[in-house]
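The values are calculated or read from the model by the stated rules, or taken from the named source; none is laboratory data. What you are looking at is a predicted structure, and each value in this text was computed from that prediction instead of being measured. All Cβ positions, even for glycine, are placed from backbone atoms using ideal geometry, and neighbour counts span all protein chains on display. Just so you know, the surface numbers come from the protein's heavy atoms only, side chains and all, with ligands and any DNA or RNA stripped out. Shrake-Rupley method; radii C 1.70, N 1.55, O 1.52, S 1.80 Å.
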Amino acid sequence: MAVISRRQFSKAAGLGIGALTFPNLALSAKPKVVIIGGGAGGATAARHISKETNGAVDVTLIEASRRYYTCFYSNLYLGGYRSYASIGHNYYGLAVKHGVNIIHEWAVSINPSRRLVKLGSGASTPYDRLILSPGIDFKYESVPGYTPEVQSRMPHAWRSGTQTQLLRSQVLNMKKGGIFVMVPPTNPYRCPPAPYERVSMVAHLLKNNNPTAKVIILDPKPKFAKQGLFMDGWEKHYSGMIEWIDPEAHGGIKSIDASKMEFVTDLDTFTADAACVIPAQKAGAIATTASVNDGDWCPVHPNTMASKADPNIYVLGDASVAKSMPKSGSSANSQAKVAANAICHELTGSAIVPAQYTNTCWSLIATNDSIKVGANYKAGVSTIEVVTKFISKKDETAQVRKSTYEESVDWYKAITADMFS
């Protein structure tokens, strides 16, 4: 009878979960939630489900890395504002303080009909609800000549890991007066302003170590996030150092020769001393094995983040189709709390809270000169909708920009605590 009452309660709440399967609580088995991906979405969801259910739900987090380095703030490491160690975090708090079972393995496939996740070791783990927060994979073919084999020559540094260290080393070792080439990705991609914050941090590094060097951006897009704010900041802090070339001007990248560090376009052939190439993106590969993606990304219900293809699977962060919400760490953290609340309600009958989302993206241009963009959102009938939005202004005072930077530092402390503490 307990299962029936929860089903009726969920329908009465208007969650539209008619095909959901429920754990057999009559046999006193704890319901099981398995989470794949230990970043801003997955780690936050693990912590909140464990905390909200006080041990009534068995929570397992599958994450291959034992130490997680955040993509957000990695640009500040690149620019010399943070140490590499400061953006690294472990899963001790989730395991010891919150009782989350941490499995440091790769999840290689999902069997939705049997509700099983297969691990790289060959073992499988069952679930009643599955959360996918796998981040991104790359469409290497989107940049002619760019392949996984040439990443060490032209790092993308767009996933958690050591490529950011490699990129920083390559920038610092450029010849005097050399050229750094950045190729941003096409839309949609992880953290829309981040390639241009990266340009700012590279320019900051060069200004202090190699002031006659140049930065060339070969952009596949005719415009980009916070464009006016970035360009105003580049002129103020790095005048004459950064050149942004749009696709109409360069005519598209025809080929890349990593051995020669050459970028062939209709406009010219650019030879780099160091380069960052970020290909187009898609949902992490595990989403395909779960059959929850529709093309490159995974559609979700806006009120719960549940997959539109499978009501027992939730998709968070970069991999999801959240429409007006950008793919960012802030978005993933916000989405994780909505999904955690919905899952706790489904499995334990706890109170459901109407879905509300937030996002803020901060970008550092130079020392104490930070800008931001963000919005508050609600669940619409079919999509996540903007309620209010904000963006920094060009004429802000130095004190406002410094306060914005300090706000971003506080946010980083808060979100990583929300993920790992």
Problem - Check: the range 323-389 dipole with +1 on Lys, Arg Cβ and -1 on Asp, Glu Cβ, in debye - result: 100 debye
Handout entry: Per-pair calculated FRET efficiency, R0 = 45 Å: N90 and E235 via Cβ, rounded to 0.05
Key = 0.60
Problem - Accessible area per residue in Å² at 1.4 Å probe, computed on the range 170-213 - result: 35 Å²
Problem - Potential lengthening between T348 and D257 on full extension [0.36 nm per residue; Cα-Cα distance subtracted] - result: 27.1 nm
Problem - Per-residue SASA entry for L205, accessible area with 1.4 Å probe, Å² rounded to 10 - result: 10 Å²
Practice task
Calculate what fraction, in whole %, of the accessible area of the chain sits on carbon and sulfur atoms when a 1.4 Å probe is rolled over the protein chains.
Solution key: 52 percent
Exercise for the section: Quick one: go through the range 350-377 and flag any residue whose amide nitrogen is under 15 Å from the point 7 Å out along the Cα-to-Cβ line of E385. Expected result: 355-357, 376-377
Exercise for the section: Quote the accessible area belonging to V386 in square angstrom, nearest 10, computed with a 1.4 Å probe and with ligands, DNA and RNA left uncounted. Expected result: 70 Å²
Fill in the blank from the handout: the chain, Gaussian network, Cα under 10 Å: of P247, P195, P222, the residue fluctuating most is P222
Practice task
Order the peptides 125-134, 111-120 from the highest to the lowest mean number of other Cβ atoms within 10 Å of their residues.
Solution key: 125-134, 111-120
Practice task
Pull out the extension gain between K118 and K51, defined as 0.36 nm times the separation in residues minus the alpha carbon to alpha carbon distance; nm, one decimal.
Solution key: 21.5 nm
Handout entry: Selection from P31, Y238, V386, by position along the positive dipole direction of the chain (Cβ)
Key = P31
Exercise for the section: Kindly rank 65-76, 38-49 from highest to lowest mean number of other beta carbons found within 10 Å of each residue. Expected result: 38-49, 65-76
Problem - DSSP beta bridge pairing in the chain, given as percent antiparallel to the nearest 5 - result: 60 percent
Handout entry: Sequence of W411, W234 from largest to smallest accessible area, 1.4 Å probe
Key = W411, W234
Practice task
Could you work out how far apart the two model spin labels at A64 and Q227 are, taking each label as a point 7 Å from the Cα in the direction of the beta carbon, and quote it in nm?
Solution key: 3.6 nm
Handout entry: Overall form of the chain per C-alpha gyration tensor (a/c, 1.5; a/b vs b/c)
Key = prolate
Handout entry: Packing-based ranking, highest mean first, of 303-312, 179-188, 339-348, 254-263 given that Cβ atoms within 10 Å are counted
Key = 339-348, 303-312, 179-188, 254-263
Handout entry: Descending semi-axes in whole angstrom, ellipsoid equivalent of the range 269-419, from the Cα gyration tensor
Key = 31, 22, 14
Practice task
Once you've got the GNM for the chain with C-alpha springs shorter than 10 Å, pick whichever of I352, I313, I87 has the biggest mean-square fluctuation.
Solution key: I352
